[in-house]
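Each remark here refers to the structure printed beneath this line.
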């Protein structure tokens, strides 16, 4: 069951990061907390549209929102981002090993030619 929850969370994370607007929002909150209005400001969209993007990020766990009166402040949740990075690093190591094997075989074939 834990494995399935991890898979679902990864699906939500990668879905959230698939959109360039949401990736930019993540970049913005990586440097400091931002209000919803501050996150929406650089984009040519309504506050309601920006809020939909923020809700996708929030559902994925990448973004955490706190509410103080009428002000909604958003911050990055680095532990969720690290789960996605762990998944990517596994495949990076896999492909690096595969390319290392390929390189050795190509070098071996080149030596045998001479």
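The values are calculated or read from the model by the stated rules, or taken from the named source; none is laboratory data. Only a predicted model underlies this, so the values are computations on that prediction, with no experimental measurement involved. Every residue, glycine as well, gets a Cβ built from its backbone with ideal geometry; the counts of neighbours run over all protein chains shown.
With respect to being buried (at least 16 other Cβ atoms within 10 Å of the Cβ) and without any contact (Cβ under 8 Å) to a residue 40 or more places away in the chain, residue 36 fits the description.
Looking across the range 58-82 at every residue that is out of contact with any strand residue (DSSP E or B) (no Cβ under 9 Å at 6 or more places or on another chain) and surrounded by fewer than 16 Cβ atoms within 10 Å (Cβ to Cβ), the one that is modelled with the lowest pLDDT is identified as 82.
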